[in-house]
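The block underneath contains the structure these notes are about, expressed in structure tokens.
Just so you know, all these numbers are worked out from the coordinates, no wet-lab data involved. In this text, all values refer to a predicted model and were calculated from it rather than measured experimentally. When we count neighbours, we look across all protein chains shown, and the Cβ atoms used for this are built from the backbone with ideal geometry, even at glycine.
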């Protein structure tokens, strides 16, 4: 086996590990299920309200930001639970900070969503009334 095929084999194996982690988070974390449900709703609304290309970029970036931050939070929580199974103030602080990062990402995403969708919703509702 030559060097390139060994590198490719390792690359594909690393993708397999990454996919395993993604599936694990989606299967086990209730907050991830909430994020994905909201993301699906937002994507459907984006199609219905015909958001622009730049608006799609902002929406997709926010969806990715929230999902990735939730995955990183889950990784921190898993690691902290492993190294500190008993209650510990620093372990709790670490988990709180990681959860706070997800909250900030979600909050920013809500603001972007309001900026993108509210004018279109107002226009749509106004067209129904007049």
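The table that follows gives values for the structure above.
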item	result
Residues of segment 112-129 with amide N under 20 Å of a point placed 7 Å along Cα→Cβ from residue 61	112-120
Gain in span if fully extended, residue 47 to residue 115, counting 0.36 nm per residue against the direct Cα distance	22.9 nm
Degrees, to the nearest 10: 30-48 long Cα axis against longest axis of the chain	40
Degrees separating the helix 3-28 axis from the principal Cα axis of the chain, which is the longest one	60
Percentage, to the nearest whole number, of Cα pairs in the chain over 26 Å apart	43
Label-point separation, residue 15 to residue 54 (7 Å along Cα→Cβ), nm	3.5
For the chain, calculated [θ]222 nm from helices alone, where every DSSP H run of n ≥ 4 adds -39500 (n - 2.57)	-32500 deg cm²/dmol
Average projected area [Cα convex hull, segment 69-130], square nanometres	5.5
Nearest 10 degrees, 0 to 90: helix 53-83 Cα axis against the chain principal axis	30
Cα-projected label distance for residue 72 with residue 30, points at 7 Å along beta-carbon direction, nm	2.5
